[in-house]
Amino acid sequence: MIDRRALLAAVPAFALAACERSATAAPPAPTVRPLKTVAPFAVGVCAKTGQLNDPAWVELATMHFSQLTAEWEMKMERIVGDDGRLDFAASDRLAGFCEARGMRLFGHTLIWYAQAHPWFAALPADRFAAEYDRYIAEVVGRYRGRAVGWDVVNEPVSEDGSGYRDCLWSERLGGVDAYIRRAFDQAREADGEAVLFLNDYNLENNPTKGAAYLRLVERLLKAGAPITGLGTQSHLDIEIPEGRITAFMRDLAGFGLPIHVSELDASLKGGRLDTRSEARKLAQQKDRVVELAEAFMALPAAQRFAFTAWGLRDSDSWMRQRQDGAGDPDDRPLLFDDAGRPKPLLAEVVKVFGG
Ligand code: XIL
């Protein structure tokens, strides 16, 4: 008969404690090489100044990423005050953070249908164009030589791809092509070096919308618009069939311009009648993200501008806070989990990028 008391007395206390810890500790995160040391191009993540006060966020983001996109604080709604004055406190802090850490700063976004700022909307007709031009010139000019590129115009294509969004800018400046062309001309005049992007979403998910975006790019380039980069946000719908992402990236590459996967996330949220198992959803997420990474990796080096995740940890994802009903407080759309541990999805991306 084994004397349990004698046996326990023989096991050093620290070994028992270790057993207890290991029994309750989270599964070990996969060890993975920092993304930016593996990828042969810039890898980005979006950021808000509040995250710069979080040492864990700073350590993880600077370890894995070489470029920051302002998630919110370089947008009109943050920069333009009620009186029209421009407040650069937050955007300057992001720019300073990037400079202090040798990271690229990517400006997002100058003109967006979703930010028809009331100060602009209230302007009389004879001031509107001049103030539009001045805004772009002042913002881009302030970060000349510091921002590597800009989403000059964001989301010009209509939701279903049937056309192009009417918005304050198109209504007050003579139409869709006119406001877009004007914005690019002003941005180019303010910074002759920055890469100037036309950015949109659901381009892979919805071939009709992707085709509408490509037609718009072709039309604007033919007219002489100084578009020098093409941004696909890549908020992936993980239920799209295999091949759709690859096909769109191939068509996008046809313009020969630098391409920015600008806002990657891959939501696991399904519809009300979602019967997929967790395993099925994670497999779909992996398949689509890997397809995107492979399609980007297959681009000529000169066209691989950057591959940007729209959030660092799942807990940072806008998908968790969305107020439009499309959010899910438990969504896990990103490369690192809530605790900042690398997820298997990151290891898959690192493998594609050459790690
Ligand atoms: C989102 C941010 O992630 C949120 O924090 C903010 O409240 C709203 O905007 N496409 C874009 C981004 O181009 O600017 C949006 O970012 C997400 C969709």
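No value in this document is a laboratory result; all are computed from the given coordinates. Since the structure is predicted, the reported quantities are computational estimates derived from the model, not experimental observations. Cβ coordinates were reconstructed from backbone atoms using ideal geometry, including for glycine residues, and neighbour counts include every protein chain displayed.
Both numbers refer to the Cα atoms of region 136-282; Rg and Dmax are 16.8, 53 Å. Neighbour counting of Cβ atoms within 10 Å sorts the residues Val152, Val38, fewest neighbours leading, into Val38, Val152. With neighbours defined as other Cβ atoms within 10 Å of a residue's Cβ, the residues Arg144, Arg272, Arg313 order from fewest to most as Arg272, Arg144, Arg313.
Computed from Cα atoms, the angle from the helix 278-297 axis to the main principal axis of the chain rounds to 50 degrees.
Rounded to the nearest 20 debye, what is the charge dipole size of region 228-293 about its Cα centre when +1 sits on each Lys and Arg Cβ and -1 on each Asp and Glu Cβ?
Computed about the Cα centre, the dipole is about 160 debye.
Residue exposure proxy: Lys209, Lys286, ordered by other Cβ atoms within 10 angstrom of their Cβ from fewest to most, comes out as Lys286, Lys209. Every helix of 4 or more DSSP H residues in the chain counts as -39500 (n - 2.57), and over all residues that averages to -12500 deg cm²/dmol at 222 nm.
Straight-line reach from Lys209: taking Cα to Cα under 12 Å and skipping same-chain neighbours fewer than 8 places apart, the aspartates and glutamates in range are Glu155, Glu159, Asp160, Asp200. At an R0 of 30 angstrom, the distance between the Cβ atoms of Arg280 and Ser158 translates into a FRET efficiency of 0.40. Ranking Ala339, Gln321, Val349 by Cα position along the charge dipole of region 304-354, where only Lys, Arg, Asp and Glu carry charges on their C-beta atoms, puts Val349 farthest toward the positive end. Treating the angle as unsigned and between 0 and 90°, give the value, to the nearest 10°, between the Cα long axis of helix 344-353 and the longest Cα principal axis of the chain. For 344-353 against the chain, the angle is about 60 degrees. Classify region 238-355 as rounded, prolate or oblate, taking a ≥ b ≥ c as the square roots of the eigenvalues of its Cα gyration tensor: rounded when a/c is under 1.5, otherwise prolate if a/b is larger than b/c and oblate if not. Prolate, because a/c is 1.5 or more and a/b exceeds b/c. Compared with the dominant Cα axis of the chain, that is its longest principal axis, helix 55-64 is turned about 80°. For the listed residue pairs Lys36/Lys286; Lys222/Lys269; Lys75/Lys351; Lys75/Lys281, the alpha carbons are over 30 angstrom apart in Lys222/Lys269; Lys75/Lys351; Lys75/Lys281. Where does the chain land on Rg/Rh, using Cα atoms and the Kirkwood Rh? Taking Rh as the inverse mean 1/r over Cα pairs, Rg/Rh reads 1.06. Computed from the C-beta positions of Thr208 and Ala130, the FRET efficiency with R₀ = 35 Å rounds to 0.45.
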